[in-house]
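Here the structure is laid out as structure tokens; the discussion comes afterwards.
The values are calculated or read from the model by the stated rules, or taken from the named source; none is laboratory data. Just so we're clear, the structure is a prediction, and the values are computed from it rather than from any experiment. No Cβ is skipped: glycine too gets one built from the backbone with ideal geometry, and neighbour counts run over all protein chains shown. Ligands, DNA and RNA are stripped out before the accessible areas are found, and what is left, the full protein with its side chains, is counted by its heavy atoms. Shrake-Rupley method; radii C 1.70, N 1.55, O 1.52, S 1.80 Å.
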Amino acid sequence: MSVHRITHILTGIYCILVPMSCNTLKDHPGVSENISESKRRGVYISEYYTDNNPYIINDSLRLHIKSAWIEKSWAYPENNYDTRILPGYQLIIDVEEQDLIGYGRTWMIGIDGNKYFRSCRNNCLMSDCELILQGKTTWYVQQGRRLDTLSSKTIIGEFSLIKKD
């Protein structure tokens, strides 16, 4: 048997066995894909909405909010279908993918490192929270992405979410 054939067989065996025995997401923080997954994982807290949908921030920014919810922070344990609860909460907002063009480069929701949204998928924003948000919560929207406290920021609007009762 040739060395090339043996290498080919061993590569095939490796590709079959390694994914079954290796969890690459283990201990990585998780973000639920939707409210249903959040409920299935036992991390769902509550849902949020906006007064207007699409939410218009200025003349050029519109967010079509598909859903928004807060859940307990969590990570993947050994089995990807299980959930390991972490301290704190995370607010997730599902939007249309085209709404996030330039997000994190030319504009962002939040003006400091403690209260801002980062991308979590092509159509998702998330923010860490220490407490469950009550009532209406508002964030400034800035041009650019400066989160340090020393930089001056250009505020181009506000973004608000309201907790559903």
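If we keep just the residues of region 94-108 that are assigned to a loop (DSSP other than H, G, I, E, B) and under 14 Å from the mean Cα position of the chain (by Cα), which is surrounded by the most Cβ atoms within 10 Å (Cβ to Cβ)?
Keep residues of region 94-108 that are assigned to a loop (DSSP other than H, G, I, E, B), which gives 96, 101-102, 104-106.
From the residues that got through so far, the ones that are under 14 Å from the mean Cα position of the chain (by Cα) too are 96, 104.
Numbers: GLU96: 13, GLY104: 15.
Among those that are assigned to a loop (DSSP other than H, G, I, E, B) and under 14 Å from the mean Cα position of the chain (by Cα), it is GLY104.
Which condition number does ILE111 fail, the rest of (1) outside any loop (DSSP other than H, G, I, E, B); (2) more than 24 Å from LYS136 (Cβ to Cβ); (3) touching a residue at least 40 places away in the same chain (Cβ under 8 Å) being met?
Failed condition: (2).
Restricting to region 45-57, name every residue that is within 19 Å of GLY135 (Cβ to Cβ), open to solvent by 30 Å² or more (accessible area, probe 1.4 Å) and part of a loop (DSSP other than H, G, I, E, B).
Looking only at region 45-57, we keep the residues that are within 19 Å of GLY135 (Cβ to Cβ), and these are 45-53, 55.
After this cut, where a residue has to be open to solvent by 30 Å² or more (accessible area, probe 1.4 Å) as well, the list is 45, 47, 49, 51-53, 55.
Across region 45-57, the qualifying residues are ASP51, ASN52, ASN53.
Which condition breaks for ASN80 when tested against (1) within 19 Å of THR50 (Cα to Cα); (2) in contact with a Leu (Cβ under 8 Å, 6 or more places away or on another chain); (3) loosely packed, with under 14 Cβ neighbours inside 10 Å?
Result: ASN80 fails condition (1) only.
Kindly indicate whether any position in region 144-157 is under 28 Å from GLY42 (Cα atoms) and either in contact (Cβ under 8 Å) with a residue 60 or more places away in the chain or surrounded by fewer than 19 Cβ atoms within 10 Å (Cβ to Cβ) (or both).
Just the residues of region 144-157 that are under 28 Å from GLY42 (Cα atoms), to begin with: none.
No.
Looking at LEU86, LEU125, LEU91, LEU161, which is the one that is out of contact with any Gly (no Cβ under 8 Å at 6 or more places or on another chain), open to solvent by 20 Å² or more (accessible area, probe 1.4 Å) and aliphatic (A, V, I, L, M)?
Values: LEU125 fails: open to solvent by 20 Å² or more (accessible area, probe 1.4 Å); LEU91 fails: open to solvent by 20 Å² or more (accessible area, probe 1.4 Å); LEU161 fails: open to solvent by 20 Å² or more (accessible area, probe 1.4 Å).
Sole residue among the options that is out of contact with any Gly (no Cβ under 8 Å at 6 or more places or on another chain), open to solvent by 20 Å² or more (accessible area, probe 1.4 Å) and aliphatic (A, V, I, L, M): LEU86.
Scan GLY88, GLY42 and give me the residue that is more than 28 Å from THR154 (Cα to Cα), of a type in the set (Gly, Ala, Ser), part of a strand (DSSP E or B) and within 18 Å of the chain's Cα centre (by Cα).
Numbers: GLY42 fails: part of a strand (DSSP E or B).
GLY88 is the lone residue from the list that is more than 28 Å from THR154 (Cα to Cα), of a type in the set (Gly, Ala, Ser), part of a strand (DSSP E or B) and within 18 Å of the chain's Cα centre (by Cα).
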